[in-house]
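Enquirer: This is the structure, below, for whatever I ask next.
The values are calculated or read from the model by the stated rules, or taken from the named source; none is laboratory data. Nothing here was measured: the structure is a model prediction, and the numbers come from that model. Virtual Cβ from ideal backbone geometry, glycine too; neighbours counted across all protein chains shown. The accessibility values were calculated without ligands, DNA or RNA, using every heavy atom of the protein model including side chains. Shrake-Rupley method; radii C 1.70, N 1.55, O 1.52, S 1.80 Å.
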Amino acid sequence: MLRNRKTPSHISTSSRSHHKRLITAFLFPVPKELATKVGIAGGAVYVAYDSGLLGGSDEGSVALSKAKAAIPPAVDEWTKYFGFELPAAPKIEFSPVDAWNSGVQKSIHALSVAPNAVCDYTSQGFQYLKDLTK
């Protein structure tokens, strides 16, 4: 039925096609932007998985030691290429295994004391409400 209608004289066909493109762009986001974002996110996940960052703590330690060995030469090469100096990086001793274990221990401890803490907070709340009603 719309095909048989005549186009009003004040609306040109180029304006109508522009309007259709705007509606299409609004209903369907630009695929190039979406594809770029999905590609970058997928690539980042693949690189993280491939280097062992998504595995256990031992694989994370190996990935960290590889990064410690690979990053300084790359930074030196880029600083020589661009011609500027960076300050020396501080030495940080960090063990992902120890950090992982301490995080697990703190989480388990928090879960083990949670029932007692909820009970204490509940009794304190009831006592506060009783004091307000006196």
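Enquirer: Ranked from highest to lowest mean number of other Cβ atoms within 10 Å per residue, what is the order of the peptides 40-46, 84-90?
Expert: The densest-packed peptide leads the list: 40-46, 84-90.
Enquirer: Which value, in Å², gives the accessible area per residue of region 34-128 when a 1.4 Å probe is used on the protein heavy atoms?
Expert: Heavy-atom SASA per residue in region 34-128 reads 85 Å².
Enquirer: Another question, if that's okay. Give me a comma-separated list of calculated 3J(HN,Hα) values for region 80-92, in order, Karplus coefficients 6.51, -1.76, 1.60 applied at θ = phi - 60°, integers in Hz, x for any Gly or Pro.
Expert: So the J values, rounded to whole Hz, are 5, 5, 8, x, 9, 9, 10, x, 5, 6, x, 7, 10.
Enquirer: Per 0.36 nm of contour for each residue apart, how much would the distance between residue 133 and residue 74 grow if the chain were fully extended, relative to their Cα-Cα spacing?
Expert: 14.3 nm
Enquirer: Let me ask something additional. Computed FRET efficiency, Cβ-Cβ of residue 48 and residue 112, R0 35 Å: what is it to the nearest 0.05?
Expert: 0.65
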